[in-house]
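Here, each number is a calculation from the coordinates, and none is a lab measurement. Quick caveat: nothing in here was measured; it's all calculated off a predicted structure. Note: ideal-geometry Cβ built from the backbone for every residue, glycine included; neighbour counts use all protein chains shown.
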Amino acid sequence: MQTETILLIVVAFIIAIVVAMFQYIYKSKQRTRLTVFFAFLRFITIFSILILLINPSIKSRTFYTVRPTLLVVADNSSSIENLGYQELAKETLQRFEESSALRQRFEISHFNFSNSVHDSLLLNFSGNQSNIDHALTELNQVYRNSRAPIILLTDGNQTFGNAYHYPNANYKQQVFPIVLGDSSKIKDVRIKQLNVNRYAYLKNDFPIEVLVTYNGDAPVSTTLEIRSKDRVLKSKKVNFSKQNKSIRIPFNLSANTVGVTTYSATILPLNKEKNTINNQKIFAVEVIDQKTNILVVSDIIHPDLGAIKKSVESNERSSITIKKPGQVSNLDGYAMVILYQPTSQFKKVLRLLDDTKINRFTIAGRHTDWNFLNAVQSRYKHDYSRQTEYFIPEFNSDYRTFLSEDIGFDNYPPLLGRFGELKINAKYDALLYKVIGSVLTSSPLLATIEEQNSRETILLGEGLWKWRMYSFKNDKSFETFDDFFSNLIQYLSSSQKRSRLMIFAESFYYSNAQIVINAEYFTKNYEFDDRASLAINLKKEETGQELTFPMILSKNAYQVDLSSLSPGTYQYTVTVKGESLRKSGIFKILEYDVEKQFLNADFSKLQALAENTDGKLYTATAFDSLQNDLLTDPRYQPIQKSKENIVSLIDWKYLLLIMLFSLSIEWFLRKYYGKI
């Protein structure tokens, strides 16, 4: 409490005494005990009122103990069960639960993970993928402001994700791995990796590359075979030794039939080999009869052209050619044309586009000649100025022309274009709107236009290369941007008429990947209908089994997750309740269980993880040692903290009750003794 406040309280005390004595002692002719009591009650009342007016603050300090958090994270992938350590994992977790010493020292939180992290102690070892890095990154993010060592029960075998054992993994918490497995050497050959393109072209050869590895020291020989429908297409003898444990073997196969063809790569097992599941990998190739050829016309050199080329060619079914306007004599063989910052030099190209009705993608920027573009076509006009402006993209959640999702556009770098309003004189749908400064406008930044059986997409800004780089920076991959751009290219490359029911499915999937099928359903006015009831009917060709799943509305599409299906070939039909609309197709699920590829635990990576995070590696049988180290580690001592509370006296309700009580007693006694 401040000195000024204390002085004010002293003054208030004196004033209350003086007023009370003046009213009941000084003016009174008889000084009885009752008069003194009245003076006391009046003093209480006046002093209480003055205290409320001064409103002093009272500070109080409370002390409490904060225990460090102990994160017990268990691997829930099927590799733990495949190696036979599921019971040991459960027993180890139970010991953490039963340890009173650890519970007194730590706040224990339990998690499990496979391809994602779950706040649960229950384990079923059914995860078909394991991502150790994702689990550690998520927990480090959640507990970034506290001391929370991580106990990691795992075999160390990660099937996807960033490498977790490198020093640059940047985990803030200490990690104490408990290894579920052994390091004994088991003689084994396996197919570690198989590289093949998803698509091939009819009457062409396509390459595959198989990486086979050997675990052992004694020289051995075996054979690698490539099969299709029980027929051996290619084979090669493979010799391993202590010095030669990894061999990369290339093959070339012929694409003779359009459609999906399934193959298997098999390394014949060694004598008494324990794990033969990892000796085979099944893969598929879809043979198509032609590529989608795309022409980019540009009169300038710009980084956007490189970004567009890389993005388009990330889809193996597409190829791209970049030409100057004067080099274009015809458009034969091109599915669509991208016009990059057109000027008057594009006059011949635009005339060819009007004659052939080929779809186009116009990208405008600082160098675009809008006088020419406004004069040569009538679909849109741009009331531009010489001033340039940066446009921040804003996703239109009501966009319905094709299936698209917000990839975080509002965080993407702004595009640079000419300031002014775009007026579109045809049927269009805005995918992105312009945000100028912090103001959202109704002017499209990216829009799709449909008119007289031709399609056009227009983008009013340059800087796509920045978007692609931001996608890589944010997601450690170009995939997010490339998928978005691929949707635009696919829309413009297609000449099919729009259907009220659209299905988006791949021709084949791998069983260890997520299998999701999307559908769009539109009203007769081609407006997305979110009130419909869609279902997908499946029939497995191998067994005749039939299944039906409802499709769930998710954002701007209906979706079904079929990841639980067993490998095989499935015919599907999507139907709409109350409508005669239906769409059918076929897809394959290829068998591949990546979690069954491992022989034992990866001690070296877990040891590196422990060293890089200032932790320590333990085996599952060394629980007592781990417990003792945690209890004696000075980094994990409970911390006593204090909390200061400042309470204003005006909030203290008892003071008001005291004041009301003194006034009431004074009035009642004066009334009783006839002093009123």
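May I ask you to list the aspartates and glutamates whose Cα is less than 13 Å away from that of K643, ignoring any residue fewer than eight positions away on the same chain?
none
On a 18 Å Cα-Cα criterion, which of the cross-link pairs K236/K272; K234/K588; K476/K555; K192/K281; K229/K272 come out too long?
K236/K272; K234/K588; K476/K555; K229/K272
Could you tell me what a quarter of the Cα convex hull surface of region 581-650 works out to, in nm² with one decimal place?
16.7
Given a Förster distance of 45 angstrom, what is the FRET efficiency for R33 paired with S57, based on the Cβ-Cβ distance and rounded to 0.05?
0.75
When the helices in the chain are scored as -39500 (n - 2.57) per DSSP H run of 4 or longer and the sum is shared across all residues, what 222 nm value do you end up with, to the nearest 500 deg cm²/dmol?
Here the helix-only value at 222 nm equals -8000 deg cm²/dmol.
In region 435-507, which trypsin sites (Lys or Arg not before Pro) are in a loop and have at most 10 other Cβ atoms within 10 Å, using DSSP for the loop call?
K476, K497
Would you order V142, V328 from fewest to most other beta-carbon atoms within 10 Å of each residue's own beta-carbon?
V142, V328
Could you tell me whether the chain comes out rounded, prolate or oblate from its Cα gyration tensor? Rule is a ≥ b ≥ c as square roots of the eigenvalues, rounded for a/c under 1.5, then prolate if a/b exceeds b/c, otherwise oblate.
Oblate, because a/c is 1.5 or more while a/b does not exceed b/c.
Give me the lysines in straight-line cross-link reach of K524: C-alpha distance below 17 Å, same-chain residues under 8 apart excluded.
Correct list for K524: K427, K497, K577, K583.
Let's see if you can work this out: charge +1 on each Lys and Arg Cβ, -1 on each Asp and Glu Cβ, no other charges. What is the dipole magnitude of region 501-594 about its Cα centre, in debye to the nearest 20?
So the dipole magnitude of region 501-594 works out to roughly 280 debye.
Given axes a ≥ b ≥ c from the Cα gyration tensor, I'd like to know whether region 68-138 is rounded (a/c under 1.5), prolate (a/b larger than b/c) or oblate.
oblate
How compact and how long is region 359-435, expressed as Rg and Dmax of its alpha-carbon atoms in Å?
In Å, with Rg to one decimal and Dmax whole: 13.5, 36.
Identify the trypsin sites (Lys or Arg not before Pro) of region 232-268 meeting these criteria: DSSP loop state and at most 11 other C-beta atoms within 10 Å of the C-beta.
Here the sparse-neighbourhood loop sites are K242.
With each label point set 7 Å from Cα along the Cα-Cβ vector, what nm distance links D530 and S584?
A separation of 3.3 nm, rounded to one decimal place.
Where a ≥ b ≥ c are the square roots of the eigenvalues of the C-alpha gyration tensor, would you call region 292-493 rounded, which needs a/c under 1.5, or, failing that, prolate if a/b is larger than b/c, or oblate?
Rounded, since a/c falls under 1.5.
Give the order of M502, M336 when sorted by the count of other beta carbons within 10 angstrom, beginning with the fewest.
M502, M336
Could you name the aspartates and glutamates in cross-link range of K59, using Cα to Cα under 14 Å and dropping any fewer than eight places away on the same chain?
Cross-link targets: E644, D651.
Among T137, N115, V18, flag the residue with its Cα farthest along the positive direction of the charge dipole of region 1-142, charges on Cβ as +1 for Lys/Arg and -1 for Asp/Glu.
V18
Report the relative contact order of region 422-530, percent, no decimals, based on alpha-carbon pairs under 8 angstrom and at least 6 residues apart.
Once normalised by length, the contact order is 13 percent.
For region 292-493, give the magnitude of the charge dipole about the Cα centre (Cβ charges: +1 Lys/Arg, -1 Asp/Glu; no others), in debye to the nearest 20.
Once rounded to the nearest 20, the dipole reads 640 debye.
Within the chain, what percent of beta bridges assigned by DSSP are antiparallel, to the nearest 5?
Here the antiparallel bridges make up roughly 70 percent for the chain.
Using only the alpha carbons of region 188-288, determine the length spanned along each of the three principal axes and report them from longest to shortest in whole angstroms.
Principal extents (largest minus smallest coordinate, Cα): 45, 22, 17 Å.
Taking the Cα centre of the chain as the origin, how large is its charge dipole in debye, to the nearest 20, when only Lys and Arg (+1) and Asp and Glu (-1) carry charge on their Cβ atoms?
Charge dipole, the chain, about its Cα centre: 1760 debye, nearest 20.
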